[in-house]
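Take a look at the structure set out below.
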Amino acid sequence: MCFFQTDAGGEPVRDWLKALFAQDRKSIGEDIKTVQFGWPLGMPLVRKMGKGLWEVRIHLENRIARVLFTVVDGVMVLLHGFIKKSQATPQDDLDLAKARLKQLQE
């Protein structure tokens, strides 16, 4: 597993994780590890979001988190993470993950 890196060397998903409460980080990490070592997985933990794009569906104590990822040469690459506030995945979050996926493929 690795984190998507911006051209400037930043790792947005790692930064997002660091800003969360320790218990939330632990839950998210456990679910990511389950996907990483059990790949390929399906619902209810993993849902395909588009060509080469999946989401890890994480249930925290009082909210829901999502981590969008791709798989490159057998390695899970975390593209984007967010706390979900509505039923549908926000288009902005999906677009951001797709843009990062495109960057990886260039």
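Observations on the model:
- Within the range 34-52, the set of residues being open to solvent by 90 Å² or more (accessible area, probe 1.4 Å) and touching a residue at least 24 places away in the same chain (Cβ under 8 Å) is empty.
- Among the residues listed as 96, 68, the single one being of a type outside the set (Asp, Glu) and in contact with a helix residue (DSSP H, G or I) (Cβ under 8 Å, 6 or more places away or on another chain): 68
- Residue in the range 61-70 that is assigned to a strand (DSSP E or B), over 14 Å from residue 1 (Cβ atoms) and among the hydrophobic types (A, V, I, L, M, F, W, C) present: yes
- Evaluation of residue 82 against (1) of a type outside the set (Gly, Ala, Ser); (2) within 15 Å of residue 2 (Cα to Cα); (3) in contact (Cβ under 8 Å) with a residue 40 or more places away in the chain; (4) assigned to a strand (DSSP E or B) (one fails), failing number: (2)
- Filter pass, residue 21 being among the aromatic types (Phe, Trp, Tyr) and either touching a Phe, Trp or Tyr at 6+ places or on another chain (Cβ under 8 Å) or surrounded by 13 or more Cβ atoms within 10 Å (Cβ to Cβ) (or both): no
- Residue that is surrounded by the fewest Cβ atoms within 10 Å (Cβ to Cβ), among those in the range 53-95 that are of a type in the set (Gly, Ala, Ser) and under 11 Å from the mean Cα position of the chain (by Cα): 65
- Selection count where residues are of a type in the set (A, V, I, L, M) and closer than 19 Å to residue 74 by Cα, scope the range 14-45: 4
The values are calculated or read from the model by the stated rules, or taken from the named source; none is laboratory data. Keep in mind that this is a model prediction, so the values were computed, not measured. A quick note on method: Cβ atoms are made from the backbone with ideal geometry, for glycine too, and the neighbour counts reach across all protein chains shown. The protein model used for the area step is the full one, side chains on, heavy atoms only, and it has no ligands, DNA or RNA in it. Shrake-Rupley method; radii C 1.70, N 1.55, O 1.52, S 1.80 Å.
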